[in-house]
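Below is one structure, written out as structure tokens; comments come after it.
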Amino acid sequence: MTSDIVGVLLAAGASSRFGGNKLLHPLHTGLEVGVAAAQRLIAVIPESLAVVKPDDDALPPLLAAQGLTIVVNDRAGEGLGTSIACGVAAAPQANGWVVGLADMPLIQSATIELVSNRLRNGAAIVAPVYHGQRGHPVGFSTRFFNELTHLQTDRGARHLLEQHADILDLVTVDDRGVLMDVDYRDVDEVFQTTRKLEA
């Protein structure tokens, strides 16, 4: 897979707090959580891939139908870091990666486009900020290829953002979706109260 920027959708989590595969949970729009997130990503970054776990037979076909390339992470159980490593390694010729979480389906397309364009314009690391809080997705330039492909911990790439705070490009956005993930079964209440974000 080669491109200027590649989208990496992390969809290999265990959904342990949710009590089931939260990425298959339907939103009020009828779309599954993971499918909605995939649509937002690939609409802006046509060359996008999804990292999934090896025992998931239901989600990968849905994501593939949206046009994402499916990458199986055999080490998904070891933590989020391994999924980032797997996804980035699958697109070694990219000029940067925009890493998003499949349980965050309300991120606006404009935010994803802003992050990817900052990478194209030379930023090393890019992250959106909403009301002072850093969110997702996060963009990484090629200088971090080795570090990203060797991630192993469940903290994902958070320590990279902390270690390189001096070159982190924080972009203020009016997009509450950059902070909203789906972790619990009260998701219906959450999405009903935030329908205006999709208007």
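Over all directions, how big on average is the projection of the convex hull of the alpha-carbon atoms in the range 42-101, in square nanometres?
4.1 nm²
Quick one: if you stick a label point 7 Å off each Cα along the C-beta vector at Glu78 and Arg120, how many nm between them?
Here the modelled spin labels are 3.5 nm apart.
Once you put a point 7 Å from the Cα of Ala43 and another 7 Å from the Cα of Asp4, both along the Cβ direction, what distance in nm separates them?
Going from the Ala43 label point to the Asp4 one covers 2.1 nm.
For the chain, with only Lys/Arg (+1) and Asp/Glu (-1) charged at the beta-carbon, what is the dipole magnitude about the Cα centre, in debye rounded to 20?
It comes to approximately 240 debye.
I need to check one value: relative contact order of the chain, counting alpha carbon pairs closer than 8 Å and at least 6 residues apart, in percent.
Contact order relative to length: 26 percent.
Taking H placed 1.01 Å from N in the peptide plane, check which residues at least 5 places from Val171 or on another chain put their amide H under 5 Å from its amide H.
Placed amide hydrogens put Ala127, Val129 under 5 Å from Val171.
For the chain, take the alpha-carbon Rg, divide it by the Kirkwood Rh, and send me Rg/Rh.
That ratio is 0.93, to two decimals.
With a cut-off of 8 Å between alpha carbons and a minimum separation of six or more residues, what is the relative contact order of the range 36-88 in percent?
In percent, rounded to a whole number, it is 37.
Quick one: of the DSSP bridges fully inside the range 102-184, what percent are antiparallel, nearest 5?
Approximately 45 percent, going by the DSSP bridge assignments.
How far apart, in nm, are two points set 7 Å out from the Cα along the Cα-to-Cβ line at Leu24 and at Leu170?
3.9 nm
Quote the FRET efficiency, to the nearest 0.05, computed for His131 versus Gln93 with a Förster distance R0 of 41 Å and r equal to the Cβ-Cβ distance. Mind showing how you got there, number by number?
Working: r = 37 Å, r/R0 = 0.90.
Once rounded, the FRET efficiency stands at 0.65.
Taking the mean number of other Cβ atoms within 10 Å as a proxy for protection, how do you rank 87-96, 63-72 from highest to lowest?
Result, highest mean Cβ count within 10 Å first: 87-96, 63-72.
Helix hunt in the chain: which complete DSSP H runs extend at least 15 Å axially by C-alpha with mean Kyte-Doolittle at least 1.6?
33-44
Using packing as a proxy for protection, rank 50-60, 30-40, 76-86 so that the peptide with the highest average count of other Cβ atoms within 10 Å comes first.
So the peptides 50-60, 30-40, 76-86, ranked by packing, come out 30-40, 76-86, 50-60.
Just so you know, all these numbers are worked out from the coordinates, no wet-lab data involved. Here the structure is a predicted model, which is why all the values come from computation and not from measurement. Using ideal geometry, Cβ is built from the backbone for each residue, glycine included, and neighbour counts are taken over all protein chains shown.
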